[in-house]
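The values are calculated or read from the model by the stated rules, or taken from the named source; none is laboratory data. All figures in this text were calculated on a predicted structure; none of them were measured in a lab. Please note: Cβ atoms are built from the backbone with ideal geometry, for glycine as well, and neighbour counts cover all protein chains shown.
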Amino acid sequence: MVEVKPSGKILGARVEELDLSKPLSAEHFALIVRTMATHGVVCFPDQHLAAAALKSFAARFGTLEVNVAGTFQEPDIPEVMILSNIVENGRPIGMADAGQDWHTDMSYSKTIAFANVLYGIHIPRRNGRVLGNTEFLNMVAAYDDLPDDIKSRLKDATATHDFNKFWEKMRREKGSARPPLTEEQRRKKPPVSQPIFLKHPISGRMVLYANPGYAVRIDGMPEHESDELLEFLFQHQLQPKYKYAHEWSENDVLMWDDLVTLHNAVADYGATEHRLIKRCQVMADRVFDPNYLSGALQ
Ligand SMILES: [Fe+2]
């Protein structure tokens, strides 16, 4: 019997007794989408998925992204990206420093992300303590708490999001070995404008969609005013009261709604403490369609 167990915290639920390697029924599809809209982050424990099965499961929710970096993909399945610090025969097998600061995936993209699907294969531990948590912030709660004057002032405002902001932050502040983006990579990901507030298509709740990872400027506003307001929004949304941490177990599938949450990959493990996660990224190309939940689009 499939069961949803809310964490009782600001985000998070577990869905138990659902085998994601099997075709997903329309009923369970809707259950997952609704659980993500309500709880933001959903863990499916004890899963056993080949990369192709991970892709098939994720692809039920929307078109899958193939990452712009174009590296560390599962052989013959470019939609499955490998996140890992493991080095084999002198070569890294995955992207070692993905997502190590607060951001929302693909807010820099014309078609934004709807959901992430991560499958934990090797999870590092030290003295019995699990390392490499994935942390989240609840952007429904953050929106609700905003002062009314900010809500009305930014009601229809948009902000420019730039892929290069996060990339350069990783290089400057995190000691990442990433090379600068090439002109061609930057051309492929030009900055885009996104609403600062979004109405969630499933829950109908408003969310604060601007995020410190990629938002660079409130459109049509003088620079100093934009800088000040963005800084206010970033500080507001990063408050610990909105935070939830997922502590990984091997064979967890962790799925989250990128419209509801910001996330951060905690880099508290060393080079010899091996971590291996496989990831698919679901775009929000179908979820805004009113027929999405009925299954008519599948
Ligand atoms: Fe991310």
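Here are the numbers for this structure:
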{"item": "Lone unmet requirement of (1) at pLDDT below 95; (2) small (Gly, Ala, Ser); (3) exposed (fewer than 15 other Cβ atoms within 10 Å of the Cβ) for SER249", "result": "(1)"}
{"item": "Failed condition for VAL140, given (1) buried (at least 22 other Cβ atoms within 10 Å of the Cβ); (2) at pLDDT 95 or above; (3) within 16 Å of the ligand (Cβ to nearest atom)", "result": "(3)"}
{"item": "Tally, over region 186-235, of residues that are away from the ligand (no atom under 16 Å from the Cβ), at pLDDT below 95 and charged (D, E, K, R)", "result": "3"}
{"item": "Among (1) of a type in the set (Phe, Trp, Tyr); (2) under 16 Å from the mean Cα position of the chain (by Cα); (3) more than 13 Å from the ligand (Cβ to nearest atom) - the single one TRP256 does not satisfy", "result": "(3)"}
{"item": "Number of the exception - HIS28 against (1) more than 22 Å from VAL260 (Cβ to Cβ); (2) surrounded by fewer than 23 Cβ atoms within 10 Å (Cβ to Cβ); (3) not aromatic (Phe, Trp, Tyr)", "result": "(1)"}
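This table checks each residue for (1) in a helix (DSSP H, G or I); (2) at negative phi; (3) more than 16 Å from the ligand (Cβ to nearest atom).
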| site | (1), (2), (3) |
| --- | --- |
| LEU24 | no, yes, yes |
| ALA30 | yes, yes, yes |
| THR38 | yes, yes, yes |
| ALA58 | yes, yes, no |
| VAL66 | no, yes, no |
| GLY99 | no, no, no |
| SER109 | no, yes, no |
